[in-house]
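Okay, so here's the structure we're looking at.
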Amino acid sequence: EDSDRQSARARGRQMSRSIQEIDTQIQQRMAAISHEACLVCVQVHADAQKDSIQALQDLAQQRVAQASSLLQMGHIQQALDLYQKGLDLVVKLNPGDSGQRSKILINMGTALQTLKEFELAESKFTEAYELRRDDLGDHHPLSQKAQTLVKRNRAARASLAAPTHDPTYFPA
């Protein structure tokens with residue numbers, strides 16, 4: 001009877017160890033599955049994020065293209081609104097893309113000149129020039145083009161501000 005008890009205890013301990021080993025294996029497999037599932041989720045998230053960023057970049061380009069079309073049709077304020085929305089997206093998505101930013105700023109400056117908003121136009125042209133100068137250098141043709149736009153805008157503003165001679169006016 002004693003030997004039966006010892007034998008039963010030994011079998012119980014062995015079963016307990018077997019159960020623990022099975023439990024450990026199950027936990028290890030579950031951890032591996034969880035890890036693999038986590039990696040898949042991370043990859044899916046990264047792919048979705050890339051797709052979202054690409055969609056937003058496409059949206060920014062579409063807004064700029066639409067703004068250019070509106071500007072050509074004479075819808076200047078609507079064009080300016082779309083240029084600003086496109087610029088906001090470009091700045092958020094790729095703050096280091098000074099080329100795209102400077103193009104949009106030049107287009108905005110041109111639209112503002114059409115509205116005779118020379119001070120605002122100058123700020124856009126100046127910002128575009130500074131971006132290009134910082135990125136490409138002062139003597140690069142694109143930097144020089146932006147600087148020329150600043151100078152032309154100043155000249156246009158000065159010509160409107162200059163008094164004109166009225167031949168019919170005779171001071172008393």
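The values are calculated or read from the model by the stated rules, or taken from the named source; none is laboratory data. All of these numbers come straight from a predicted model, not from anything done at the bench. As a convention, Cβ positions derive from the backbone with ideal geometry for all residues, glycine included, and neighbour counts pool all protein chains shown. Ligands, DNA and RNA are excluded from the accessible area calculation, which covers all protein heavy atoms including side chains. Shrake-Rupley method; radii C 1.70, N 1.55, O 1.52, S 1.80 Å.
Remarks
- Checking each residue in the stretch 124-152 for being of a type in the set (Gly, Ala, Ser) and surrounded by fewer than 17 Cβ atoms within 10 Å (Cβ to Cβ) picks out only Gly137.
- Of all residues in the stretch 90-119, those satisfying the criterion of being of a type in the set (A, V, I, L, M, F, W, C) and either more than 22 Å from Ser69 (Cβ to Cβ) or surrounded by fewer than 17 Cβ atoms within 10 Å (Cβ to Cβ) (or both) are Val91, Leu93, Leu115, Phe118.
For (1) within 30 Å of Ala111 (Cα to Cα); (2) surrounded by fewer than 10 Cβ atoms within 10 Å (Cβ to Cβ); (3) of a type outside the set (Gly, Ala, Ser), each residue gets a yes or a no:
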{"residue": "Ile26", "(1), (2), (3)": "no, no, yes"}
{"residue": "Arg29", "(1), (2), (3)": "no, no, yes"}
{"residue": "Gln57", "(1), (2), (3)": "yes, no, yes"}
{"residue": "Ala60", "(1), (2), (3)": "yes, no, no"}
{"residue": "Val64", "(1), (2), (3)": "yes, no, yes"}
{"residue": "Ser68", "(1), (2), (3)": "yes, no, no"}
{"residue": "Leu71", "(1), (2), (3)": "yes, no, yes"}
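- Cβ-Cβ contacts under 6 Å between residues 6 or more apart (or on different chains), taken from a first residue in the stretch 104-118 that is hydroxyl-bearing (Ser, Thr, Tyr) to a second residue that is open to solvent by 20 Å² or more (accessible area, probe 1.4 Å), are listed as Thr114/Ile76.
- Some residue of the stretch 155-166 being crowded, with 16+ Cβ neighbours inside 10 Å, touching a helix residue (DSSP H, G or I) at 6+ places or on another chain (Cβ under 8 Å) and modelled with pLDDT under 95: yes
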